[in-house]
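Okay, so here's the structure we're looking at.
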Amino acid sequence: MFDKKTKSYTDLLGKTNRIVEGTRIKGNIYSVADFRLDGELTGNFQTEGKIVIGPAGIVVGDIVCKSADIEGRFSGKIQVEELLNVKATAAIYGEVTVGKLAVEPGADFSATCTMTTKTTTHPNGE
């Protein structure tokens, strides 16, 4: 009667969790769906979707996600499977591991960056 089936990521497409400006969270967050953070998070964040850190958003901790848009401040380790889009208003400090990276002029990108690919062979066959 009260059995809840977990929804797949495709069932959650178009749905976004949101933490509004002025909200402060200390702890870890896990989300299956996309997430927009305009408040402050001190802790780790993991999503199977996309995270957007708005212009007023601040994250101090580690992030693991499929893709990310950062307009605010981030400090820590971030691991993005696909695209990390760093907007001109962003400030990023720490360690970054990405599939693809886009940085707009004016962004403060003071981080070590490692780009990964899903292929394990070298392009020339080695």
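The values are calculated or read from the model by the stated rules, or taken from the named source; none is laboratory data. None of these values were measured; they are calculated from a predicted model. Every residue, glycine among them, receives a Cβ derived from its backbone with ideal geometry; neighbour counts consider all protein chains shown. Quick note on the areas: whole protein, heavy atoms, side chains included, nothing else; ligands and nucleic acids left out. Shrake-Rupley method; radii C 1.70, N 1.55, O 1.52, S 1.80 Å.
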Any idea which of (1) under 13 Å from the mean Cα position of the chain (by Cα); (2) within 21 Å of residue 115 (Cα to Cα); (3) at pLDDT 95 or above is the one residue 60 doesn't satisfy? (2)
How about region 47-84: which of its residues are open to solvent by less than 70 Å² (accessible area, probe 1.4 Å), acidic (Asp, Glu) and either part of a loop (DSSP other than H, G, I, E, B) or in contact with a Gly (Cβ under 6 Å, 6 or more places away or on another chain) (or both)? 62, 71
Could we say that residue 10 is in a loop (DSSP other than H, G, I, E, B) and either of a type in the set (S, T, N, Q) or modelled with pLDDT of 95 or more (or both) here? no
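Take residue 87 and tell me if it is more than 19 Å from residue 25 (Cα to Cα), touching a Lys or Arg at 6+ places or on another chain (Cβ under 9 Å) and either open to solvent by 50 Å² or more (accessible area, probe 1.4 Å) or not hydrophobic (A, V, I, L, M, F, W, C) (or both). Explain how you work it out, then say what you get.
Details: more than 19 Å from residue 25 (Cα to Cα): yes; touching a Lys or Arg at 6+ places or on another chain (Cβ under 9 Å): no; either open to solvent by 50 Å² or more (accessible area, probe 1.4 Å) or not hydrophobic (A, V, I, L, M, F, W, C) (or both): yes.
No.
Test residue 42 against the stated conditions and say whether it is more than 20 Å from residue 80 (Cα to Cα), polar (S, T, N, Q) and either open to solvent by 100 Å² or more (accessible area, probe 1.4 Å) or at pLDDT 90 or above (or both). If you could, list the steps in order and put the result at the bottom.
Working: more than 20 Å from residue 80 (Cα to Cα): no; polar (S, T, N, Q): yes; either open to solvent by 100 Å² or more (accessible area, probe 1.4 Å) or at pLDDT 90 or above (or both): yes.
So residue 42 does not fit the description; no.
Might you let me know whether region 95-106 holds any residue that is open to solvent by 30 Å² or more (accessible area, probe 1.4 Å), in contact with a Leu (Cβ under 6 Å, 6 or more places away or on another chain) and on the phi < 0 side of the Ramachandran plot? Even if it seems obvious, please write down each step before you answer.
Here is the first cut: in region 95-106, the ones open to solvent by 30 Å² or more (accessible area, probe 1.4 Å) are 95, 97, 100-106.
Next cut, in contact with a Leu (Cβ under 6 Å, 6 or more places away or on another chain) only: 100-101.
Restricting the remaining residues to those that are on the phi < 0 side of the Ramachandran plot gives 100-101.
Yes, because at least one residue in region 95-106 is open to solvent by 30 Å² or more (accessible area, probe 1.4 Å), in contact with a Leu (Cβ under 6 Å, 6 or more places away or on another chain) and on the phi < 0 side of the Ramachandran plot.
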